[in-house]
Amino acid sequence: MLATLITILILSGGASGGPLYDFGDMKKLVKTYVEDDQRKDAALDVIKEFKARAKAENKQLKSMVKQLDVALDDLVAADEDLLALGEGVLGNTRTYYQDLLDLRFQLKDQFTREEWNAAYARDSEQLE
Amino acid sequence: MIRFVRRLAPIVIAIVVAFSLAGCAGKKKTPLDKMQAAFADVRAEVQSVVVDPERAAQADDLLEQLEQTFTESADSIQVHKERLRELNADYDASRAVMEAEMELILSGMEVNQQNVLAIRKQLTVLFTAEEWGQIEKAHSKALNAAVKALDVT
């Protein structure tokens, strides 16, 4: 139990749903605010890519949880091995964040400034 | 009349307290609540497994530090995630500014990892292999609930 708890602490702050979007909300916002059909379809495709990337990240994290659990369960595990696993988690998360940013800018390209502002003004109201 | 009110007061207070507690019980537990419950379970397990009171007390102190590290880290990361969501809503936000905010999240994770591993190292020398094994096996159900609550997988 302690090893798994430590695993959670090491992973915390990682890819839990991504730091940018709730995908369900984004889909709704695209459908509501992007007026041009071609841009709307392109934006929905980007959201599909977001979801696929998040799913792949979750799979990767599951595998890391297993590796960390095994290593942390070992009372005499070498510090270097544990640090290497920790660095692996950070490197993986950094790549994921870069991919999210790529997709975020692809998504933004499908919106006009007015559409984007309208979507996020509405989004903020819903969150309050 | 005054005597009646005085007699009634403890009953009224008891009812108010009971309703307040019922309200608390009905509230949905946050991930942090669940994590705190998981820590409480581990601490209780350590107290029951480690017979030597001195080592048990040292382990309890370290677990408290571990919990505090997590709470502080979670708070800090949350602040940066909120800032990132604000930037995301800004049509003119540059990639460089957003990347910098993401790096702050990653730095927070890195500091968290280092602190957690340092505390873990101190914990491992406190326990015998047998004690470690018993603590590891305890309460897997509660732990799985905590993993799900944090949505790390």
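The values are calculated or read from the model by the stated rules, or taken from the named source; none is laboratory data. Quick caveat: nothing in here was measured; it's all calculated off a predicted structure. Cβ atoms come from the backbone with ideal geometry, glycine included; neighbour counts cover every protein chain shown.
The residues of segment B:130-140 that are at pLDDT below 85 and either assigned to a helix (DSSP H, G or I) or over 23 Å from the mean Cα position of the chain (by Cα) (or both), listed by number, are B:W132, B:G133, B:Q134, B:I135, B:E136, B:K137, B:S140. Residues in segment A:91-100 that are facing chain B (nearest Cβ under 7 Å) and β-branched (V, I, T): A:T93 alone. Among the numbered conditions (1) more than 11 Å from the chain's Cα centre (by Cα); (2) at the interface with chain B (Cβ under 10 Å from one of its Cβ atoms), the only one that A:G88 does not meet is (2). Annotation note: Cβ proximity below 7 Å between a residue of segment A:101-120 that is at the interface with chain B (Cβ under 9 Å from one of its Cβ atoms) and under 12 Å from B:A93 (Cβ atoms) and a residue that is polar (S, T, N, Q) and assigned to a helix (DSSP H, G or I) (sequence gap 6+ or interchain) occurs for A:R104/B:N88.
When B:V97 is tested against the conditions (1) more than 7 Å from chain A (Cβ to nearest Cβ); (2) farther than 30 Å from A:T112 by Cα, the lone failure is (2).
The condition (being more than 9 Å from chain B (Cβ to nearest Cβ), surrounded by 15 or more Cβ atoms within 10 Å (Cβ to Cβ) and assigned to a helix (DSSP H, G or I)) is satisfied by just one residue among A:K66, A:K31, A:K27: A:K27.
With respect to B:L123, is the statement that it is at pLDDT 80 or above and either over 24 Å from A:Y96 (Cβ atoms) or surrounded by 17 or more Cβ atoms within 10 Å (Cβ to Cβ) (or both) true? Judged against the criteria, B:L123 is a match. Is it the case, given these coordinates, that A:N92 is at pLDDT 85 or above and under 30 Å from B:A118 (Cβ atoms)? Answer is yes for this residue. All conditions in (1) modelled with pLDDT under 90; (2) more than 23 Å from the chain's Cα centre (by Cα) hold for B:V97, with the sole exception of (1). Kindly indicate whether A:Q98 is crowded, with 16+ Cβ neighbours inside 10 Å and either touching a residue at least 24 places away in the same chain (Cβ under 8 Å) or in a helix (DSSP H, G or I) (or both). Criteria not met by A:Q98.
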